[in-house]
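Following: one structure in structure tokens, then a few remarks.
Where a number appears in this text, it was derived from the coordinates with a stated rule and is not lab data. Source: prediction; values computed, not measured. Quick reminder, even Gly has a Cβ in these numbers, built from the backbone with ideal geometry, and neighbours come from all protein chains shown.
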Amino acid sequence: MRIVFAGTPLFAVPSLHALVEAGHEVVGVITREDAALGRKRVLTPSPVAAAAAQLDLPVYKANRLDDDATNWAASLDAELGVIVAYGGLVREPLLSLPQLGWVNLHFSELPRWRGAAPVQRALMAAEQRLGVTVFRLVAALDAGDVLTRDAHEFEAGTTAGTALTELATLGTTALLDAVRLLAVEPQAGEPQQGEPTYAHKLERADGHLDLRQSADQVLAHWSGVTPEPGAFVMHDGQPLKLLEVRLPAAELASTAEAAHGIGAVRALQGAVLLETGSGTLELVHVQPAGKAAMAAADWLRGRGGEAVLS
């Protein structure tokens, strides 16, 4: 099938590769413009742009799918449009341009978690079953008919980065199944069932952990905002990034029952423990403001062996 593909981040790359490897003719790739990255603000192609270049596919870079992007896509004469986390809206007339329309690989079990950050918001809500849905793109946000879906159970404490990487691979099967379905049944699709929830885009402030919550809740929140926008707490008026956090071993957790107060950090049997509103978490790696990442034990040693976070 002749396919135009739109996507930007690293977790969209497996879908592009899967379509090519399955023998589909990817006639063009739309991705966002090069972005200034790093301290030196070097203009860098998106991961999808880099993958398309390696595959020798035509690439169009645009931050908005405007008339120029529509005209470029029209010249490709694609049968189907596939979008995976492009980072922009597909509107008419581009929406109706391919013969079979557009399908979207979305990283949730729709209609749950429509929107920009489905995996992150699901993890923050302490959900461990995360899914993918391939659906028909329509004007309304993530509301089109469902073609295929799949899901996977993740362990508590799995970060959004890790989950997205795994779901990106899981989603390739659902995507290829959807394309095969449309090839034999162009009108395929079932309406979404259930009450929608929305996964709004994350801001930096979403990374601030509320240590008054239980250890399980804090860990869930940490999971959803790691690695982006990044989890942090405050120490002496400065943000302290929590790069690696986990539930302590059972025998250690039982030893740490004595209360020192919410936010108290202390060393116990070689581990660095953080007290929450209920239970403790183990800090493994942290990053103080303006400094490099370090072992939590080294950071705490530099604070005299104890600290209070908020």
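When a/c is below 1.5 the answer is rounded, else prolate if a/b is larger than b/c, else oblate, so apply that to region 11-122 with a ≥ b ≥ c taken from the square roots of the Cα gyration tensor eigenvalues. Verdict is rounded for region 11-122. At full extension, Glu190 and Arg212 could sit 3.7 nm farther apart than now, given 0.36 nm per residue minus the alpha carbon distance. Once both labels are positioned 7 Å from their Cα atoms along Cα-to-Cβ, the gap between His200 and Ala143 label points is 1.9 nm.
Taking semi-axes √(5λ) of the Cα gyration tensor in Å as calculated from this structure, the corresponding entry among [x] 29, 26, 18; [y] 43, 21, 15; [z] 31, 20, 19 is [y]. In this structure, Thr165 and Glu25 have a Cβ-Cβ separation that, at R0 = 25 Å, corresponds to a calculated FRET efficiency of about 0.40. Among Met124, Met294, sorting on how many other beta-carbon atoms sit within 10 Å of each Cβ, with the fewest leading, yields Met294, Met124. Each label was represented as a point 7 Å from its Cα along the Cα-to-Cβ direction; for Ala151 and Asp68 these points are 4.4 nm apart. Each of Val20, Val146 has some number of other Cβ atoms within 10 Å of its Cβ, and from fewest to most they run Val20, Val146.
Taking neighbour Cβ counts within 10 Å as the exposure measure, how do Tyr198, Tyr86, Tyr60 sort from fewest upward?
Values: Tyr198 15, Tyr86 23, Tyr60 19.
With the fewest neighbours first, Tyr198, Tyr86, Tyr60 line up as Tyr198, Tyr60, Tyr86.
Estimated purely from DSSP H runs of n ≥ 4, each contributing -39500 (n - 2.57), the mean residue ellipticity at 222 nm for the chain is -7500 deg cm²/dmol once divided by its residues.
On full extension, the segment bounded by Ser75 and Glu33 gains 13.1 nm, given 0.36 nm per residue less the C-alpha separation. The distance from the alpha carbon centre of region 102-120 to that of region 223-243 is 25 Å, rounded to a whole number. A simple spin-label model places pseudo-atoms 7 Å from Cα toward Cβ; at Arg41 and Glu306 they are separated by 4.6 nm.
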